Amino acid sequence: MTDLTYPSTRRDNITDDYHGTTLEDPYRWLEDTESEETAVWVQAQNDITFEYLSAIPTRQPIVDRLTKLWNYERFGRPFKRGDYYFYSHNDGLQNQSVLYVTKSLGQKARVLLDPNQWAEDGTEALSSYSPSPNGQLLAYSVSSAGSDWREWHVLNVNTGEVLEDHLQWSKFSSASWADDNSGFYYSRYDAPKEGEEFSGTNYYQKLYFHRIGTPQTDDELIYERRDQKEWGFGGFVTEDGNYLIISVWKGSDRKNQIFFKDLRNPTATVQELITGFDADYDFIGNDGSQFWVLTDLNAPQKRVIQIDLSQPQRDSWSTLIEESEHRIEGISNTGGRFIVQYLQDAQNRVYIFSEDGQPQSEVELPGVGSTNGFGGRRDASETFFSFTNYVTPTRIYRYDIETGKSELYKQPEVGFDPQLYETQQVFVTSKDGTKIPMFVTSKRGLKRNGKNPTILYGYGGFDISLTPGFSVSNLVWLEMGGVYAVANLRGGGEYGLRWHEAGMRDNKQNVFDDFISCAEWLIEEKITQSANLAIRGGSNGGLLVGASMTQRPELFGAAIPAVGVMDMLRYHKFTIGWAWVGEYGSSDDEHQFHTLLKYSPLHNLRQGTSYPATMVTTADHDDRVVPGHSFKFAAELQHTHRGNSPVLIRIEESAGHGAGTPTSKRIAAAADVYAFLTKVLKNKHWTIGD
């Protein structure tokens, strides 16, 4: 299939001793992503990859079709602070969405922030924003080149003037305003050493208060723990302004602590309310000293509890909303009610409860799919939510809290007929008998002849649920005659705590077994065949693809591992990787080392094996899953692979883990993936365009 000559990659004689087991690591030098030698290697790999992709005849027609379909107007959900509504808007092909503000949703809004003016190539993004309680000021964070680092600024909403406030070295943090609008709470790290900004480990996060109009050096340190380098802190001011809630996290485990500070008392200190990291505790809201918390303590599908600060001991906690058979995915305290989003077989249903926990009604949804939103203050009379599925572009609805009625607020116009497509949910039996849900989307009337080009997508980790959602790039794949399958694997959050735990640490192989079983089902049901089956996933999903293709290389026609965690023995040594030890385990532990070694993609590539056509994708500024993972995996894959299928790596410049990626780069990346698949899969009959 290919006569590619891959760049020569130096192999060093580097070994590590893991509990008596000696392993080679010949590409250790590629972990230094800032070195000149690595930069030369990146350029050489990209030269080959982009030369290969540019020669594929389908690529430009795919770019054209993606561009045409992507060019549709998109709105974010509005929300209100003070006299103002805030919402995002994209006219179609803008690299970044623009933030608008208005006093009435019925009148013309004005531009508040346009990130497209910040960088010519669109690589500076508005990461998050938080209006002050009176709506007069806006704290907003900026991400550059896809990095997780955030820089905070403050803007006067009335005038549009950007103030002098400038905060650096913030990561994994929101901004929560004091009730008097004087400033906000945020979290940051100490400045990293020069040259380690994108690879050094992140420890000792601290919680600060920034007073508007003062330099960052004057920020008040609210809380730190010098004895706990892995603890992180998220500050949130209650709606009544009386309390600062501090969620204390440690790694990626969905187990945290809750501390608080009484802001009415100037001399008050931080008090520990919930300790022990024994469960997930999500503060919802409060009525005076009565705190409402969503938790999975003794409730794998989650429940709502009430804690009275005058009697905070655990045996005085009471349950407001009992655990049900379906997972609570989200909850808000809006309009004097609890609005609860449940997840039922990876689809949302939404119910209304009174503040004393009594069920009131169900929110009528326009179909089967995913919801988001329902936020607002306790005195709100309205809220907004979004709805989407695989063939429905995201719609926004206004919900009247008093009447319980929804009305369509914004509906995008995309140039396709959704009636031509259908989604079916099937349940696949995994290796150990567990039923695994999978959504299969295709054109109506799909012929089960085993010839349909198919993408199987998965994630399977970190308690993250994959629910139905619209994507222009997926639509183009469907138009081309493709099938798009999404597997809801163990390790995710679709069925609660036990489902997550069944796919983590020693149980991680279950995730790969589930994914492989879904692939086999697609073949057995004659939807596709191995030569027309591509597997795809990003981050933890990149690990999934890497592990699956090394365990069953003959099962797949193509593999697209994106920003994957590929070196499971060293992942914890970079940036925030240490935080994933709760999910994966660590090679520092002898038992866990042996578990990790069995599936680590980098360490399970075998010399002389014919692997499926592969395009590894990563980005040069990914400081979450550092690109060294993909660099080393691609180098070893090119060294071990013995077959005609191409094994390439595509390295995006001035980009990161995915968030904030400009539209132009998204279109180019999607076109490259689909062009690659049209080249390497067996199917050669593609319909591109109208």
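Side notes on the structure shown:
- When the Cα positions of V363, Y399, N389 are compared along the charge dipole of segment 363-407, N389 comes out farthest toward the positive end, with charges on each C-beta of Lys, Arg, Asp and Glu.
- Cα shape, segment 324-413, gyration tensor, a/c 1.5 rule: oblate
- Projecting the Cα atoms of P7, Q257, L244 onto the dipole axis of the chain, where Lys and Arg carry +1 and Asp and Glu carry -1 at the beta carbon, places P7 farthest toward the positive end.
- Structure-derived mean projected area of the Cα convex hull in nm²: which label, when the choices are [x] 33.0; [y] 39.6; [z] 29.4: [z]
- Taking 19 Å as the cut-off, the amide N atoms of segment 400-421 that come nearer than this to a point 7 Å along the Cα-to-beta-carbon line of R349 belong to 405-406.
- Segment 254-317 and segment 1-38 have Cα centres separated by 48 Å.
- Label reach from N507 (point 7 Å along Cα→C-beta): in segment 455-486, amide nitrogens under 19 Å belong to 459-466.
- Listed residues L93, Q344, S645: farthest to the positive end of the dipole of the chain (Cβ charges): S645
- Degrees, to the nearest 10: 663-680 long Cα axis against longest axis of the chain: 30
- Restriction of the trypsin sites (Lys or Arg not before Pro) in segment 136-209 to DSSP coil positions whose beta-carbon has at most 15 other beta-carbons within 10 angstrom yields K193.
- Of the trypsin sites (Lys or Arg not before Pro) found in segment 432-488, the ones in coil according to DSSP and having at most 10 other Cβ atoms within 10 Å of their Cβ are R444, R448.
- Taking each DSSP H run with n ≥ 4 as -39500 (n - 2.57) and averaging over every residue of the chain yields -5000 deg cm²/dmol at 222 nm.
- Subtracting the Cα-Cα distance of D278 and E524 from their residue separation scaled by 0.36 nm leaves 84.3 nm.
- Computed FRET value (nearest 0.05) for D218 with Q136, which takes r as the C-beta separation and R₀ as 22 Å: 0.50
- Rounded, prolate or oblate (a/c below 1.5 giving rounded, otherwise prolate when a/b exceeds b/c) for segment 219-309 by Cα gyration tensor: oblate
- The simple spin-label model puts a point 7 Å past each Cα toward its Cβ; for D287 and Q43 those points are separated by 6.7 nm.
- Rh by Kirkwood over Cα pairs, then Stokes-Einstein D for segment 450-590 at 1.306 mPa s and 10 °C, µm²/s: 102
- Pairs over the 32 Å Cα-Cα cut-off, from the set K103/K261; K80/K261; K451/K573: K103/K261; K451/K573.
- Nearby aspartates and glutamates by direct alpha-carbon distance to K508 (threshold 20 angstrom, same-chain neighbours under 8 apart not counted): D253, D432, D463, E494, E520, D567, E583, D588, D589, E590
- Exposure proxy ranking for I649, I535, based on other Cβ atoms within 10 angstrom of each Cβ and starting from the fewest, stands as I649, I535.
- Net dipole in debye of segment 550-690 [+1 Lys, Arg Cβ; -1 Asp, Glu Cβ; about Cα centre; nearest 20]: 560
- Restraint check, K68/K108; K206/K410; K171/K598; K302/K665, Cα-Cα greater than 30 Å: K206/K410; K171/K598; K302/K665
- Computing FRET efficiency as 1/(1 + (r/R0)^6) for T21 and S182, where r is the C-beta to C-beta distance and R0 is 60 Å, gives about 0.55.
- Rounded FRET efficiency, nearest 0.05, which uses the C-beta distance separating K103 from D227 and R0 of 51 Å: 0.55
Just so you know, all these numbers are worked out from the coordinates, no wet-lab data involved. Just so it is clear, the structure is predicted and the values come from calculations on it, not from any experiment. Using ideal geometry, Cβ is built from the backbone for each residue, glycine included, and neighbour counts are taken over all protein chains shown.
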